[in-house]
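*Asks:* Sharing a structure with you now.
The values are calculated or read from the model by the stated rules, or taken from the named source; none is laboratory data. Just so you know, these numbers come straight off a predicted model, no measurement behind them. Heads up, the Cβs are rebuilt from the backbone with ideal geometry, glycines too, and the neighbour counts pull from every protein chain shown. For accessibility, only protein heavy atoms count, side chains too; no ligands or nucleic acids. Shrake-Rupley method; radii C 1.70, N 1.55, O 1.52, S 1.80 Å.
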Amino acid sequence: MSYGQDSAIRLVRAFLDRPGEGRFPESRSLPVLYFTGPHHIGKTTLLTTLASRLRGNIPHALLDCAADKTLTRQTMLVRLALGLNEKCGMYGRLPFPRFAAALIAIRTPVSDIPGTAHREMTAALAKARGITRIRGILTEAVPGLASTTRFPGLKTILRLGLGLLIDLLLLIPSARKVLLGRGVAWHGVKNTDPVDRLVSMSQSAHARVPDRAALDEILLGAFLADLRDAFHVRRRAGRRVLNCVILLDNADAEAGKEFLRQLAKERGKEEAGPDPMTVVATVLPSAGESPFQADDERLPPVGPIEPYLGRPRLAIWLRNLTESQVGQMVQGKGALPIVGMSPPAHVRRVLYQFAGGHPWATDVLVDKLRDRPEQPLSEVLDDALTAQLRDRLLDGFSTAHVKVLTTCAAARDVGEMNRLEGLVEPGDLAVIHDRWSLLHTSGDAAVLQPVLRHLLLRELADRDDDSADGWPRVFTWLRERAGHDEFARHYHALALGEVESVVGWLVDRLGDPAQRPENLDAGPWLAALEAITAAPVRNPPARSPHKKVDTSWAGPWDSRPARVAYLVSGLQLAGDPLTGLDRRKLHKEIAGAYMALRGAAPSGRDVFEPETERHEELAREWPASKDTER
């Protein structure tokens, strides 16, 4: 089952419609829909889901362009035509007579002698149409032929022989359609004999240096002409109210790129006209291509698609699952309960914190949690599971680049990675900047995929403290280069465990409660607190996280700095997915600290009260444990 892909499926559905109030629905000039995004974001799943929904209802063809290294544009077209030719509900079978005739010509070697070549090609076309059966039924057809003045008589037939008879019949347009099919006549452009043109195609195909580009252009033109005919002229055309669909997985493989380039060229011809084909392709992001360059996937499903008509392509960046969609996956896969939790908000939250909604990683983790329901995520992530996630997500990366990427995981986003220059070689940073298959968007910033960052931060935490690229060195480097970015400086200080300096800065920003200046606004202070406490915890506790908070502050606990200290340490632990599952007391204490700060600023009640209530609710969601209730 696919999760979180409803909007993408609705988008594709919007591009299948064939409007029109006349006898036949009309084709429109549609863009190729390119779905892109990081590794294992669900691109292949999207296509297989679409194929399952189209099966038996709408003609479609699904092709993995990377599965066969010998795939060419010609073999791609053959496979696509075979897929679209499958019998399908009210559509019946989509015929490809023009395309078939061109294929026969290309695959049939003929003589260099014009007359002989013409007869050889005619025989090949006739055989494909079953015309050689005329030999057995010819005498039965003679009376009808003899009574028709447009056909030669029996004596003439017997005297001239079957081969010449077919040649004579081909001179009659109506007979040519019967014997060779309507597909052959299409090749007779500019008053040329269609068989002669097919002969030329054969000779070009079997030349010492075949003109494959020209032949592929003819094949694609015939393929599209057949589709236009099937959706506008033939008997079932009026009932074909939705386009046929081409689904190309890994379309950035060479064969896929060549096919799509040729398709764009063919569609760009003035005489071509729109075709009744919706093309959906999946590709990895190109070097330097980011989600910020993609089109907004939310627009077409909720509004008219006319602004996108006539464009060659529409790029849609597939996003990670939302927290709600992660919950749907948890519930759909039956991964409940974890340590007796009900409702499953905890499972959803922990999974979303760690994987950030990455579909494949979330799916793997849900299965593992289902098998080990009473263990915190940090214990479920054993060496085998860590290696499975890491190796799949970093497929294609060298050991050296993985080491660099591990160092870069300390940075909050891709922009901040630039501050690591000097600790990391510029060339290595450039490699990461170009690999959007690793990245994710968070607001206006580009960040590492959350699941990948959490895995790499664990590796960074395991490095020796004295190492040149160990945890203390890397976070100190970033803190010292934060410049005027106070949030960044204190974020990295907190990652280094410097709670006291962070608390001092936050207390100063909160102001003197005795003065209570009327212009003091707690909103920005809360935003600063949230940004800073997103810092990673080097060794989050697997059990009783509130006890770690109790040891984070050396001063008296009845002071305002102590309340801020509890917020800083508590929120940092609560935001780390590898913190233990028994968090009831942790959230209770966070709620209490917020409540104590409500009088610190004129707007404090309005700003801090919702946070107090939110953490009280979170505390109720977590199950009680013996340790928590002491």
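*Asks:* Once phi is turned into ³J(HN,Hα) by the Karplus curve 6.51 cos²θ - 1.76 cosθ + 1.60 with θ = phi - 60°, what whole-Hz value does each residue of the range 31-38 show in order, with x for glycine and proline?
*Replies:* Calculated HN-Hα couplings, in order: x, 6, 8, 9, 9, 10, x, x Hz.
*Asks:* Take the range 1-72, drop everything but the C-alpha atoms, weight them equally and run the Debye formula without solvent; then report log10 I(q)/I(0) at 0.12, 0.15, 0.19, 0.26 Å⁻¹ to two decimals.
*Replies:* Log10 I(q)/I(0), no solvent term: -0.44, -0.66, -0.98, -1.38.
*Asks:* Tabulate in residue order the Karplus-calculated ³J(HN,Hα) for the range 478-488, using 6.51 cos²θ - 1.76 cosθ + 1.60 with θ = phi - 60°, rounded to whole Hz; enter x for Gly and Pro.
*Replies:* These are the phi-based 3J(HN,Hα) values: 5, 5, 6, 10, 6, x, 8, 7, 5, 4, 5 Hz.
*Asks:* Can you tell me the length gained on complete extension of the stretch residue 113 to residue 468, counting 0.36 nm per residue apart and subtracting the Cα distance?
*Replies:* This chain segment gains 120.0 nm when fully extended.
*Asks:* Shifting gears a bit: Counting only heavy atoms of protein chains, what accessible area per residue, in Å², does the range 1-124 have with a probe of 1.4 Å?
*Replies:* Heavy-atom accessible area per residue stands at 46 Å².
*Asks:* Pull up the cross-link candidates among the lysines for residue 69, meaning alpha carbon to alpha carbon under 16 Å and not fewer than 8 places away within one chain.
*Replies:* Result set, ordered by chain and number: 257.
*Asks:* Can you list the lysines whose alpha carbon sits under 23 Å from that of residue 588, skipping same-chain ones fewer than 8 residues off?
*Replies:* Filter leaves 547, 548, 626.
*Asks:* Moving to a separate point now. Quick one: net charge of residue 218's neighbours, Cβ under 15 Å, K/R +1, D/E -1?
*Replies:* Charge balance near residue 218 sits at +1.
*Asks:* In nanometres, what is the gap between the two model label sites at residue 311 and residue 261, each 7 Å from Cα along Cα-to-Cβ?
*Replies:* Calculated label separation equals 2.3 nm.
*Asks:* Which of rounded, prolate or oblate describes the range 192-279 when judged by the alpha-carbon gyration tensor and an a/c cut-off of 1.5?
*Replies:* It comes out oblate by the Cα gyration axes.
*Asks:* Check which residues have an amide H placed less than 5 Å from residue 64's amide H, if you skip close sequence neighbours.
*Replies:* 249
*Asks:* Quick one: the Cα spread of the range 443-494 along its three principal axes, in angstroms, biggest first?
*Replies:* If we take the Cα atoms of the range 443-494, the spans are 30, 25, 15 Å.
*Asks:* Quick one: which residues, 5 or more positions from residue 88 or on another chain, have an amide H under 5 Å from its amide H? H modelled 1.01 Å from N in the peptide plane, none for Pro or chain starts.
*Replies:* 93
*Asks:* Using a Cα-Cα cut-off of under 23 Å, which lysines could be cross-linked to residue 127, ignoring same-chain neighbours fewer than 8 residues away?
*Replies:* Counting by Cα, and skipping residues close in sequence, residue 127 has these lysines nearby: 177.
*Asks:* May I ask you to compute the full-extension gain from residue 547 to residue 322, defined as 0.36 nm times their residue separation minus their alpha-carbon distance, rounded to one decimal in nm?
*Replies:* 77.9 nm
*Asks:* Same structure again: Quick check on the range 41-81: what are the equivalent-ellipsoid semi-axes from the Cα gyration tensor, as sqrt(5λ), descending, whole Å?
*Replies:* 21, 15, 5
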